[in-house]
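The values are calculated or read from the model by the stated rules, or taken from the named source; none is laboratory data. What you see is a predicted model, and the numbers here were worked out from it, not measured in a lab. We place every Cβ from the backbone using ideal geometry, glycine too, and count neighbours over all the protein chains shown.
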Amino acid sequence: MEVEILSRIQFAFTVAFHYIYPPLSIGIGLLMVIFETTYIRTKKKEYEVLAKFWTKIFAITFGIGVVTGIVMEFEFGTNWATYSRYVGDIFGSALAAEGIFAFALESSALGVLLFGWNRVKPWVHLVATWAVFLGSMFSAVWIVVANSWQQTPAGYHIVGEGMQARAEILDFWAMVFNPSSVDRLTHVWIGAFLAGTFLILSVHAYYLLKGRYVVLSKKAFKITLVVAVISSLAQLATGHSSADGVAVNQPAKLAAMEGHFEAEGPADLYLIGWVDKKNQEVTGIKIPGGLSFMLHQDFETPVTGLNAFPEEDRPSQVNAVFQFYHLMVAIGMFLIALSLFALIQWKRGKLFENKWLLWVFVFTAILPQLANQFGWFAAEMGRQPWVVYGLLRTSDALSKSVQANQVLFSLILFFIVYSILFLLFIYLMNKAIQKGPQSDIDFDEGSLNQQITEVITNK
């Protein structure tokens, strides 16, 4: 296998694995803030217990997220030296801003968040919780800005020629607010909220089904469900806005996402389908002219298709981009339907009577994670063959000295180490969830009975 393919697989694997954890940290952090703020306002002990419990889960995801994120920075230098030189000025500024405005804020407040319970005043601890949450949000800002610049470069000029060419910042704020950064940032933020909220819904649905922490879980479930409804609907809006931006700034990517080949013609909107790249056909269920209507509010307005671009400037894996994009959308629509249905059941007083609905929530924790991954795959594969859109091709961004066997060996090593880390993550999460929220008061008969049983059996 060629060095380029192996290097792309390696980077995709390490980024995809890392991207499991930051969204969870951001989403759980949001609910941590809500639970603890509610406790400070109401003085009700159950909200403090919820805040403490989810702080423990947050610490697990945050720790593994930091460890897995470090590797990517080394890969820039080992596998992608030309790319690193080309974008070093841009990425260096964004990553430096992350360190100053995000990581410093998180790390300075993290100790108080984790170990400050009963050691500092409640309002001081709340400030630390907010600081850690905002730090995780700011961290996403600069990572998304750096990646968005690769999608829609702005605020730069090119110095040097040939292999020595590199991009330098002319306007820092133009670089930060490049044409796609705001849309992509809001989409990423809300995707993170969904990852965290549906994990929390999953865990408390499990407790309710098992008769554990019933009163506590009902309170947590209701609060989190409201966040899930708002986030899922907001994600639909940000997704539409982002697609509009892709149509303007990266029309070849949008054409691949929808399997639209005709150079200039009305474009159909496919609900499900399969792309035959060779024959330039899509088989599936479609809304005729639907994409034209979504973009231009008219079923007949032409949309730029793949045939408008030279073949070497088109994404090579059109069907993969199409499938990942549509899977992301399908999951998003399912989460909207599920959260709205649950909200209706709540209003009818039947939310916790439907055992099948709670079981659905137990298994939906993975869906926002899959949607985040699929969306990232669609965005990155749709950008090909460019690593910096319109400026630097992926094939030209490689390190010139790295060999295929070296990349393959490191890929295998990463797979082994990351598999161990993932198993550790699952073990720690399961242990914390099985142990459950710990408190010096009892909120329901189920938790009291469990504690008595544990004392009798010396567990």
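Identify, please: which residue in region 35-58 is of a type in the set (A, V, I, L, M, F, W, C) and surrounded by 18 or more Cβ atoms within 10 Å (Cβ to Cβ) and is, among those, farthest from HIS187 (Cα to Cα)?
At the first step, the residues of region 35-58 found to be of a type in the set (A, V, I, L, M, F, W, C) are 35, 40, 49-51, 53-54, 57-58.
Adding the requirement that they be surrounded by 18 or more Cβ atoms within 10 Å (Cβ to Cβ) leaves 35, 49-51, 53-54, 57-58.
On the way: PHE35: 24, VAL49: 31, LEU50: 27, ALA51: 26, PHE53: 28, TRP54: 24, ILE57: 24, PHE58: 21 Å.
The qualifying residue farthest from HIS187 (Cα to Cα) is VAL49.
Identify, by number, the condition in (1) among the polar types (S, T, N, Q); (2) outside any loop (DSSP other than H, G, I, E, B); (3) in contact with a Lys or Arg (Cβ under 9 Å, 6 or more places away or on another chain) that GLN406 doesn't meet.
Failing condition for GLN406: (3).
Run down VAL227, VAL248, VAL214 and say which single residue is out of contact with any helix residue (DSSP H, G or I) (no Cβ under 6 Å at 6 or more places or on another chain), at pLDDT 90 or above and of a type in the set (Val, Ile, Thr). Before you say what the answer is, go through the steps one by one.
Values: VAL227 fails: out of contact with any helix residue (DSSP H, G or I) (no Cβ under 6 Å at 6 or more places or on another chain); VAL214 fails: out of contact with any helix residue (DSSP H, G or I) (no Cβ under 6 Å at 6 or more places or on another chain).
After ruling out the rest, the residue left standing is VAL248.
So which residues in region 321-342 are touching a strand residue (DSSP E or B) at 6+ places or on another chain (Cβ under 9 Å) and surrounded by fewer than 18 Cβ atoms within 10 Å (Cβ to Cβ)?
ALA330, the sole residue that qualifies.
Which of the residues spanning region 343-358 are assigned to a loop (DSSP other than H, G, I, E, B) and surrounded by fewer than 16 Cβ atoms within 10 Å (Cβ to Cβ)? Break it down into steps so the answer makes sense when it comes.
First pass over region 343-358, keeping only residues assigned to a loop (DSSP other than H, G, I, E, B): 348-354.
If the condition is that a residue be assigned to a loop (DSSP other than H, G, I, E, B) and surrounded by fewer than 16 Cβ atoms within 10 Å (Cβ to Cβ), then ARG348, GLY349, LYS350, GLU353, ASN354 are the ones that fit.
Residues GLY69, GLY116, GLY29: which one is touching a residue at least 40 places away in the same chain (Cβ under 8 Å), in contact with a His (Cβ under 8 Å, 6 or more places away or on another chain) and not hydroxyl-bearing (Ser, Thr, Tyr)? Spell out how you get there, then give the answer.
Details: GLY116 fails: touching a residue at least 40 places away in the same chain (Cβ under 8 Å); GLY29 fails: in contact with a His (Cβ under 8 Å, 6 or more places away or on another chain).
Exactly one of GLY69, GLY116, GLY29 is touching a residue at least 40 places away in the same chain (Cβ under 8 Å), in contact with a His (Cβ under 8 Å, 6 or more places away or on another chain) and not hydroxyl-bearing (Ser, Thr, Tyr), namely GLY69.
Output the residues belonging to region 158-170 that are hydrophobic (A, V, I, L, M, F, W, C), touching a Lys or Arg at 6+ places or on another chain (Cβ under 9 Å) and not in a helix (DSSP H, G or I). I'd like the intermediate steps shown before the answer.
Taking region 158-170 and keeping what is hydrophobic (A, V, I, L, M, F, W, C), we get 158-159, 163, 165, 167, 169-170.
Then keep just the ones that are touching a Lys or Arg at 6+ places or on another chain (Cβ under 9 Å); that gives 158-159, 163, 165.
Hits for region 158-170 are ILE158, VAL159, ALA165.
Just to be sure, is GLY29 closer than 30 Å to TRP173 by Cβ, in a helix (DSSP H, G or I), touching a Pro at 6+ places or on another chain (Cβ under 7 Å) and at pLDDT 85 or above? Lay out the reasoning, then the answer.
Values: closer than 30 Å to TRP173 by Cβ: yes; in a helix (DSSP H, G or I): yes; touching a Pro at 6+ places or on another chain (Cβ under 7 Å): no; at pLDDT 85 or above: yes.
It is false that GLY29 is closer than 30 Å to TRP173 by Cβ, in a helix (DSSP H, G or I), touching a Pro at 6+ places or on another chain (Cβ under 7 Å) and at pLDDT 85 or above.
Checking ILE158 against (1) touching a residue at least 40 places away in the same chain (Cβ under 8 Å); (2) surrounded by fewer than 18 Cβ atoms within 10 Å (Cβ to Cβ); (3) under 26 Å from TRP376 (Cβ atoms), which test does it fail?
Here ILE158 meets the rest and fails (3).
Only one of these is among the aromatic types (Phe, Trp, Tyr), touching a residue at least 40 places away in the same chain (Cβ under 8 Å), surrounded by 14 or more Cβ atoms within 10 Å (Cβ to Cβ) and under 30 Å from GLN10 (Cβ atoms): PHE361, PHE374. Name it. Reasoning before the result, please.
Values: PHE361 fails: under 30 Å from GLN10 (Cβ atoms).
Residue meeting the stated conditions: PHE374.
Within region 282-334, track down each residue that is over 25 Å from the mean Cα position of the chain (by Cα) and small (Gly, Ala, Ser).
Answer for region 282-334, where residues must be over 25 Å from the mean Cα position of the chain (by Cα) and small (Gly, Ala, Ser): GLY284, GLY289, GLY290, SER292, GLY305, ALA308.
Condition check: over 24 Å from the mean Cα position of the chain (by Cα), among the β-branched types (Val, Ile, Thr), in a helix (DSSP H, G or I) and under 28 Å from VAL214 (Cβ atoms). Does ILE57 satisfy that? Talk me through it step by step, then tell me what you get.
Details: over 24 Å from the mean Cα position of the chain (by Cα): no; among the β-branched types (Val, Ile, Thr): yes; in a helix (DSSP H, G or I): yes; under 28 Å from VAL214 (Cβ atoms): yes.
So ILE57 does not fit the description; no.
Can you tell me which residue within region 1-26, out of those that are part of a loop (DSSP other than H, G, I, E, B) and not charged (D, E, K, R), is farthest from ALA131 (Cα to Cα)?
Pass one, region 1-26, residues part of a loop (DSSP other than H, G, I, E, B): 1-2, 19-20.
In the following step, the residues that additionally are not charged (D, E, K, R) were identified as 1, 19-20.
Values: MET1: 46, TYR19: 21, ILE20: 22 Å.
Applying the filter and picking the extreme gives MET1.
Being in contact (Cβ under 8 Å) with a residue 24 or more places away in the chain, touching an Asp or Glu at 6+ places or on another chain (Cβ under 7 Å) and surrounded by 20 or more Cβ atoms within 10 Å (Cβ to Cβ) narrows it down to one residue among SER136, SER148, SER180; which is it? So that I can check it myself, show each step before the final result.
On the way: SER148 fails: touching an Asp or Glu at 6+ places or on another chain (Cβ under 7 Å); SER180 fails: touching an Asp or Glu at 6+ places or on another chain (Cβ under 7 Å).
Only one candidate passes the filter, namely SER136.
Specify the residue that is nearest to the chain's Cα centre (by Cα); the eligible residues are those in region 139-157 that are of a type outside the set (A, V, I, L, M, F, W, C) and part of a loop (DSSP other than H, G, I, E, B). I'd like the intermediate steps shown before the answer.
Going residue by residue through region 139-157, those that are of a type outside the set (A, V, I, L, M, F, W, C) are 139, 147-148, 150-153, 155-157.
Pick out the ones that are also part of a loop (DSSP other than H, G, I, E, B) and you get 152-153, 155.
Values: THR152: 20, PRO153: 22, GLY155: 26 Å.
My answer is THR152.
From the list GLU380, GLU300, pick out the single residue that is within 27 Å of VAL87 (Cα to Cα), touching a residue at least 24 places away in the same chain (Cβ under 8 Å) and among the acidic types (Asp, Glu). Walk me through how you get there before you give the answer.
On the way: GLU300 fails: within 27 Å of VAL87 (Cα to Cα).
Only one candidate passes the filter, namely GLU380.
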